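The values are calculated or read from the model by the stated rules, or taken from the named source; none is laboratory data. The model shown is predicted, which means the values in this text are computed figures rather than measured ones. Every residue, glycine as well, gets a Cβ built from its backbone with ideal geometry; the counts of neighbours run over all protein chains shown. Note: accessible area is taken over every heavy atom of the protein model, side chains too, but ligands, DNA and RNA are not part of it. Shrake-Rupley method; radii C 1.70, N 1.55, O 1.52, S 1.80 Å.
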Amino acid sequence: MDFDAVGVDTGGGLGRAQHPGPGWRRLRWAELARRTGGPAVPDGLMPSYRCFPSAKKEGSWPLGMVPPAEGSLDRETWNRLITVLTKHSPAGPDTRCLAYYNPLVLGATDFDNLHVRAGRLGDAEILYDQSEADFSPSNLWADDRSWVLCTDYDLWATKIAGPPALIKALLNDFEIEAVRLPWAY
């Protein structure tokens with residue numbers, strides 16, 4: 001597929017997010033919202049390149065700001081998320097879970113023979129470093145369906161559904177930046 005012919009350049013890269021280097025720090029959405037005076041996620045939108053229109057000039061991000069990569073969590077957030085999920089899962093690190101990578105991020109051409117990986121939640125950090133994938137898993141869920149996460153390469157966020165205690169823990173976590181989305185999404 002020729003992404004240049006059918007895609008839109010949002011300014012963010014695809015794949016695993018990397019730290020931009022010395023002298024840079026992560027700018028959280030909440031801080032950017034305070035700076036611009038707008039919401040982190042405007043009503044009717046999902047977290048994406050469409051957020052923060054007032055931070056951009058003629059649709060372009062400022063030179064001093066690198067937008068997030070699409071379709072993958074950064075390593076620090078992935079590892080922290082696994083820690084929080086482990087604390088709120090039925091069997092802790094032994095919780096059986098399943099992982100799925102979007103076939104497009106794997107360069108797959110056989111869409112009739114897709115694969116789901118199974119394992120322990122306590123081992124899920126290694127899913128980040130799969131050599132054939134330059135993305136964190138698109139989906140990860142507990143086998144008992146007590147929680148599920150979805151990272152879509154069209155979004156700049158990961159959606160998580162689960163029990164109220166898990167959602168509360170994510171919303172109150174100091175390392176994970178979380179916002180509650182309306183039920184309609």
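Would you confirm whether or not region 99-109 contains a residue that is part of a loop (DSSP other than H, G, I, E, B) and in contact (Cβ under 8 Å) with a residue 40 or more places away in the chain? Talk me through it step by step, then tell me what you get.
Taking region 99-109 first, the residues part of a loop (DSSP other than H, G, I, E, B) are 101-102, 107-109.
So of that shortlist, the ones also in contact (Cβ under 8 Å) with a residue 40 or more places away in the chain come out as 102.
Taking every residue of region 99-109 in turn, at least one turns out to be part of a loop (DSSP other than H, G, I, E, B) and in contact (Cβ under 8 Å) with a residue 40 or more places away in the chain.
Entry remark, region 30-51: residues being open to solvent by less than 70 Å² (accessible area, probe 1.4 Å) and either at pLDDT below 80 or closer than 18 Å to Thr158 by Cα (or both) number 11 in total. Considering region 119-149, and only residues there that are in a loop (DSSP other than H, G, I, E, B) and of a type in the set (Phe, Trp, Tyr), the residue that is nearest to Leu170 (Cα to Cα) turns out to be Trp147.
Inspect all residues belonging to region 21-29 and state whether any of them is at pLDDT below 80 and either out of contact with any helix residue (DSSP H, G or I) (no Cβ under 7 Å at 6 or more places or on another chain) or open to solvent by 70 Å² or more (accessible area, probe 1.4 Å) (or both). Yes: region 21-29 contains one or more residues that are at pLDDT below 80 and either out of contact with any helix residue (DSSP H, G or I) (no Cβ under 7 Å at 6 or more places or on another chain) or open to solvent by 70 Å² or more (accessible area, probe 1.4 Å) (or both).
Which of the following residues is open to solvent by 30 Å² or more (accessible area, probe 1.4 Å) and at pLDDT 85 or above: Ala99, Ala108, Ala118?
Numbers: Ala99 fails: open to solvent by 30 Å² or more (accessible area, probe 1.4 Å); Ala108 fails: at pLDDT 85 or above.
Only one candidate passes the filter, namely Ala118.
With respect to being β-branched (Val, Ile, Thr), surrounded by 14 or more Cβ atoms within 10 Å (Cβ to Cβ) and either in a strand (DSSP E or B) or at pLDDT below 80 (or both), Ile167 falls outside the description.
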